[in-house]
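Have a look at the structure below, then the notes.
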Amino acid sequence: MEPIRLDKYLWAVRVFKTRSDAAEAVRNNKVSVNGAWAKPSRDVKPGDVIAVRKQQVTWSYKVLEPVSSRQPAKNVPLYCLDITPREELEKLNVPRETIFVVRDRGTGRPTKKERRELDSLMDDLYFDEE
């Protein structure tokens, strides 16, 4: 079995849409392999744990078998196991909880004081739950 590059593997198992997107994410330290930052040319082998930071969630994948060609979505579980913890997945639901503030029509944008009050409400909502 020939070694497979990290960027090519991430593209093949549909973590990223293009190989250049995968390589850029690896170069920008958004991808780690077995807890260490990697380069796009790093070889992937079975048993490696790849952590990918996308938006606010860190997705974790375990390499089952290296593959170099892009796979159909139904075949991805043969090559890659999603082991993302539940706590990380729950971060996806946080933006759905929001505060709606009613403003009278024609009053314009919020003032600096009103903006600070809105920001403090949002901070209380998102950061007090931890």
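Observations, loosely collected:
- Relative contact order for the chain: 19 percent, from Cα pairs under 8 Å spaced at least 6 residues apart, divided by residue count.
- Ordered from longest to shortest, the equivalent ellipsoid semi-axes for the range 4-85 are 16, 14, 13 Å, each the square root of 5 times a Cα gyration tensor eigenvalue.
- Where only DSSP H runs of four or more residues are counted, the chain gives -8000 deg cm²/dmol as its mean residue ellipticity at 222 nm, each run worth -39500 (n - 2.57).
- Listed from fewest to most Cβ neighbours within 10 Å, the set Arg86, Arg27 follows the order Arg86, Arg27.
- Dipole in debye (nearest 20) - the range 4-85, about Cα centre, beta carbon charges: Lys, Arg +1; Asp, Glu -1: 180 debye
- Cα-based shape type of the range 1-42, given that a ≥ b ≥ c are square roots of the gyration tensor eigenvalues and the cut on a/c is 1.5: oblate
- ³J(HN,Hα), Karplus 6.51/-1.76/1.60, whole Hz, each residue of the range 21-35, x for Gly, Pro: 4, 5, 5, 5, 4, 5, 5, 8, 6, 9, 10, 10, 10, 6, x
Bear in mind that the values in this text are calculations on the coordinates, not laboratory data. All figures in this text were calculated on a predicted structure; none of them were measured in a lab. All Cβ positions, glycine included, derive from the backbone under ideal geometry; neighbour counts span all protein chains shown.
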